[in-house]
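Below is one structure, written out as structure tokens, with a few remarks after it.
The values are calculated or read from the model by the stated rules, or taken from the named source; none is laboratory data. Computed from a predicted structure; not experimentally measured. Backbone-built Cβ (ideal geometry, glycine too); neighbour counts: all protein chains shown. Quick note on the areas: whole protein, heavy atoms, side chains included, nothing else; ligands and nucleic acids left out. Shrake-Rupley method; radii C 1.70, N 1.55, O 1.52, S 1.80 Å.
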Amino acid sequence: MAAATLTVYPEAASVHEGRLAIGGCDVIELAREFGTPAYVVAEDDLRARAREFLRAMAAHHGGRGEVAFASKAFPCTEVLRIFRQEGLAVDVASAGELHLARAAGYEPAEIIFHGNAKSEAELAEIARLGITCVIDNLDEIDRLGRHAGERLEVMLRVVPEVQTDTHHAVATGHADQKFGLTLDEARAAVERLGATSWALVTGIHMHIGSQLFDLAPYREAIAAIASLGDFDGYDLGGGLAVPYTAEHRTPSVEEWVAGIVDAAHELLGARAKKLTIEPGRALVANAGVTLYTVESVKRRDSTWVAVDGGMSDNPRPQLYGARYTALSATRADEPADEVVSVAGMHCESGDVLTDDVALPYPCRGDLLAVPATGAYTLAMASNYN
Ligand code: LLP
């Protein structure tokens, strides 16, 4: 099989005599041992991506660069343990994600806590552990103050008012939305925090959106936060796009890091400051492959190939119109000459994983592999049906 068709798979994916192997593990053996649907994650890829981000950060920013995994992309203790071993910090956005990070060994100083609706219990836990809290709204200042002891590090999440070219559900840089402080609110927050005895403002945070192909809005956003004045550190968020299909052309990790770090040096005078980035998707998406068993095939105007999972293990096609590809994991060397829709097992017509994928004459019992499913799948899985 031509290597090109495995471009969105883990690096160590291969096909021998038509059978897909991931990281040296034959998928038939995996399906036999764990059943299907199964999320398969290539540890080597997680480590390789983590190192790529760390290398790029060190090359462009030296010792004061930090890479924090946005754990919402794959909230799994074992994945977190691997990233901690590689030297990544972690971003959590709930007590649940905090619990996973702690179970994976993360120390409070390695954790950043986000959220636009933090509960009283979460604020108390942040203060108790001394975790850096990213303040999202003005109310949080007094609420957090009631729990804070002598000193607590905070950052301010700021909405830089930029447009990004991505699905509206994951665009977070524009003005009228639920996240963060406007530039004016941020100025007020700095003043109010300055008047407290407990708050140490360590910097400004922004996260302008997810699955972003273009670096220009980052530069625009960095210019906007520069108007807030001078801070000790900046957290520039995540957002790097990943390829879901072979047609996607995304910036490399190196290009993305260079683009935003150079902009921070130039526009924020941040060469000697602490700079943090928070990739989620780009660390995990292409390390994951989901395995499904074909349960039925109907040949009508279209060919409907129904598998034993679907929107309960991956709701992204329904939520964002996300497009995936699929491979016959046991007959990958046969000509893929039938264009089919791969549907899930759930009780609604919209439960379709991909609607124009070419497979070799699909049959009941086939094993299908859907690549690039490492990000925001397990995280958003449901109990439907
Ligand atoms: N930092 C903050 C504060 C975030 O809210 C996010 C993602 C990230 C970092 C990581 O962004 P990434 O590098 O993964 O783009 N469920 C959606 C994605 C939602 C992203 C939420 N925030 C999806 O499946 O596309």
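Which entries in LYS72/LYS178; LYS72/LYS273; LYS72/LYS274 show an alpha-carbon gap greater than 21 Å?
Too far apart for the 21 Å limit: LYS72/LYS273; LYS72/LYS274.
Tell me, how many Å apart are the Cα centres for segment 91-140 and for segment 187-230?
Their Cα centres are 18 Å away from one another.
Which angle from 0 to 90°, rounded to the nearest 10, does the C-alpha axis of helix 77-86 make with the longest principal axis of the chain?
Taking the Cα atoms of the chain, the angle to 77-86 is about 60 degrees.
In whole Å and largest first, what semi-axes does the C-alpha gyration tensor of segment 305-385 yield when each eigenvalue is scaled by 5 and square-rooted?
22, 13, 11
Under 5 Å between amide H atoms, partner at least 5 residues away or on a different chain: which partners does LEU156 have, H built in plane at 1.01 Å?
Sorted by chain and number, the residues that satisfy this are ILE135, GLY203, ILE204, HIS205.
Cβ under 12 Å from VAL294's Cβ, VAL294 left aside: what net charge do those residues give with Lys, Arg +1 and Asp, Glu -1?
0
Let me know the whole percent of all Cα-Cα pairs from the chain that are separated by more than 28 Å.
48 percent
Specify whether the C-alpha gyration tensor of segment 44-189 places it in the rounded, prolate or oblate class, a ≥ b ≥ c being the square roots of the eigenvalues: rounded for a/c under 1.5, otherwise prolate if a/b is larger than b/c and oblate if not.
oblate
Positive end of the dipole of the chain, charges at C-beta (+1 Lys, Arg; -1 Asp, Glu), about the Cα centre: which of THR7, ALA369, MET155 has its Cα farthest in that direction?
Comparing the listed Cα positions along the dipole, MET155 ranks first.
Answer with one residue from ILE141, GLY115, ALA101: the one whose Cα lies farthest towards the positive end of the charge dipole of segment 68-151, charges on Cβ with Lys, Arg +1 and Asp, Glu -1.
ALA101
For a quick size check, give me the Cα extents of segment 246-385 along its three principal axes, largest first, whole Å.
Principal extents (largest minus smallest coordinate, Cα): 62, 35, 24 Å.
If you place +1 on the Cβ of every Lys and Arg, -1 on the Cβ of every Asp and Glu, and leave all else neutral, what size is the dipole of segment 226-385 about its Cα centre, to the nearest 20 Debye?
Here segment 226-385 has a charge dipole of around 140 debye.
Just the number, please: carbon plus sulfur as a percent of the accessible area of the chain, 1.4 Å probe, no ligands or DNA/RNA counted.
Carbon and sulfur together cover 49 percent of it.
Compute the helix-to-body angle for 120-129: its Cα long axis versus the longest principal axis of the chain, expressed 0 to 90° and rounded to tens.
Value to nearest ten degrees: 70.
Please tell me the relative contact order of the chain in percent, rounded to the nearest whole number, where contacts are Cα pairs under 8 Å and at least six residues apart.
Normalised by residue count, the contact order of the chain is 20 percent.
Treating only the Cβ atoms of Lys and Arg (+1) and Asp and Glu (-1) as charged, compute the dipole magnitude of the chain about its Cα centre; round to the nearest 20 debye.
Numbers: 33 positive and 55 negative charges, 90 e Å.
Here the chain has a charge dipole of around 440 debye.
For segment 124-270, list log₁₀ I(q)/I(0) at each q in 0.09, 0.12 Å⁻¹, using the Debye formula over Cα point scatterers of equal strength and ignoring solvent, two decimals each.
Log10 I(q)/I(0), no solvent term: -0.30, -0.52.
Which Cα, out of HIS61, ALA73, LEU327, lies furthest along the positive dipole direction of the chain (beta carbon charges, K/R +1, D/E -1)?
HIS61
Could you provide, to the nearest whole Å², the per residue accessible area of the chain with probe 1.4 Å?
Roughly 42 Å² per residue, with all protein chains present.
Between THR182 and ARG300, what FRET efficiency follows from the Cβ-Cβ distance if R0 is 35 Å, with the result rounded to 0.05?
Numbers: r = 52 Å, r/R0 = 1.50.
Efficiency, rounded to the nearest 0.05: 0.10.
Quick one: net charge of ASP165's neighbours, Cβ under 15 Å, K/R +1, D/E -1?
On the way: positive: ARG219, ARG249; negative: ASP214, GLU220.
Within the 15 Å Cβ shell, the charges total 0.
Quick check: from the Cα gyration tensor, does segment 1-88 come out rounded (a/c under 1.5), prolate or oblate?
oblate
Given labels modelled 7 Å from the Cα in the Cβ direction, how far is it in nm from GLU43 to ASP214?
Each label point is offset 7 Å from its Cα along the Cβ direction, giving 4.1 nm.
Provide the net charge surrounding TYR106, with neighbours chosen by a C-beta distance below 12 Å and charges set as Lys +1, Arg +1, Asp -1, Glu -1. If you can, show how the numbers build up before the last one.
On the way: positive: ARG81, ARG84, ARG102; negative: ASP91, GLU97, GLU107, GLU110.
Counting the neighbours of TYR106, the net charge comes to -1.
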